[in-house]
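S.K.: Could you have a look at this structure, given as structure tokens, before my questions?
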Amino acid sequence: MKKPQLILTAAGILLFISLYFWGNTVPPRKKISSEQNLTKEKELDVQDILQASKSKLSPAQLSYVNRLENAVVRGDVKNQRLKSYEELSVFWKDSVKDSFLPAAYYMGEAAKLENSEKRLNFAARLFLNNLRDQENPALKSWMARQAKELFESAIQLNPQNDSAKVGLGATYIFGAPTNNPQEVMRGIQQILEVAHRDSTNMYAQFMLGLGGIESGQFDKAIERLSKVVVNQPDNLEAMLNLAEAYERKGDNRNAVKWYNNSKKLVSNQEVIKAIDQRIKLLQ
């Protein structure tokens, strides 16, 4: 059965979740960047990503991007490069449709250059938040590598950063190849270390719930996500995933209950319509 959250993606619900972190320019997760131009046969590197994205630019835009990429020549190279990365991130974010990947990449490069724990964590989460439903294996692997490097850098700066530890574990879960369940379990163990030490960490509980769905452990997913919605009754994403966990377990009654509850947190009529369609299929 195809994951039911994909139906909600089409209506905009996962876009809504992305907006919380990024603003109004991130495309729905299944449509990121120029996927049709990227091979699924080889491991991608950043030049593959950038070249595919540049193919969408006008001559004037391409000239502007090339100028920024080659702007650093002498003097205060670090600050010049930091400024160029920031300007490139803003350009891809604001000027080119469906260009999340180069925008996030340059945001990550700026964070690494500045070596700021806050910026590293933020950039890593951008990749993580768009990783779960990425269906192109090569892109998924590339995005996971970016997120891991950023989270690991944040943890190196602050070994007590539980948010980054949970994010790194989640990256292993959602970035794992479909034929590698060991990576999923590695991620779950990483998050469990935080959850066992601090049972009130709802980010850890939430990610463990998603990990339970990913690994087919629906009872465990329901247990974790139920904790989150009790402690965070306005957490729409947790509520939708709780409904999904019940649905995939085969408990349609509780799935309908939580899909109905989630509608109370939604004002977008297209999203409500998509949820109603899901409920209708379950009744």
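Quick note: the coordinates plus some simple rules give every number you see, no bench work behind them. Quantities reported herein were computed from a predicted structural model and do not represent experimental measurements. Cβ atoms come from the backbone with ideal geometry, glycine included; neighbour counts cover every protein chain shown.
S.K.: Explain nothing, just compute: Karplus ³J(HN,Hα) = 6.51 cos²θ - 1.76 cosθ + 1.60, θ = phi - 60°, for every residue of the stretch 87-99 in order, whole Hz, x for Gly and Pro.
M.R.: After applying 6.51 cos²θ - 1.76 cosθ + 1.60, I find 5, 5, 4, 5, 4, 5, 5, 9, 10, 10, 5, 6, 10 Hz.
S.K.: Okay, next question. Residue-wise, which Karplus ³J(HN,Hα) couplings in Hz belong to the stretch 250-265, taking 6.51 cos²θ - 1.76 cosθ + 1.60, θ = phi - 60°, and x for glycine or proline?
M.R.: Calculated HN-Hα couplings, in order: x, 9, 5, 4, 6, 4, 4, 4, 7, 5, 5, 4, 5, 4, 5, 9 Hz.
S.K.: From Cα pairs below 8 angstrom and at least 6 apart in sequence, can you work out the relative contact order of the stretch 119-217, rounded to a whole percent?
M.R.: 24 percent
S.K.: What is the diffusion coefficient of the stretch 61-189 in µm²/s, taking the Kirkwood radius over Cα pairs and the Stokes-Einstein relation at 20 °C with a viscosity of 1.002 mPa s?
M.R.: In µm²/s, the coefficient is 139.
S.K.: Related question: With r as the distance between the Cβ atoms of Gln156 and Asp94 and R0 = 35 Å, compute the FRET efficiency 1/(1 + (r/R0)^6) and round to 0.05.
M.R.: 0.65
S.K.: Now for a different question. Which order do Glu247, Glu135 fall in if you start with the one that has the fewest other Cβ atoms within 10 Å?
M.R.: Listing Glu247, Glu135 from fewest to most nearby Cβ atoms yields Glu135, Glu247.
S.K.: Calculate the FRET efficiency for Arg253 and Glu135 from the Cβ-Cβ distance with a Förster distance of 45 Å, rounded to the nearest 0.05.
M.R.: 0.90
S.K.: Hey, rough spin-label estimate for Asp219 and Leu281, points 7 angstrom out along Cα→Cβ, what's it come to in nanometres?
M.R.: 2.7 nm
S.K.: Of Lys118/Lys227; Lys54/Lys118; Lys220/Lys249; Lys118/Lys165, which sit over 19 Å apart, Cα to Cα?
M.R.: Pairs exceeding the cut-off: Lys118/Lys227; Lys54/Lys118.
S.K.: For a Förster distance of 30 Å, can you work out the FRET efficiency between the beta-carbons of Lys264 and Thr200, rounded to the nearest 0.05? Working shown, then result.
M.R.: Details: r = 25 Å, r/R0 = 0.83.
Between Lys264 and Thr200 the formula returns 0.75.
S.K.: Which length gain, in nm to one decimal place, applies between Gln47 and Arg67 when the Cα-Cα distance is subtracted from 0.36 nm times their residue separation?
M.R.: Gain on extension, Gln47 to Arg67, equals 5.6 nm.
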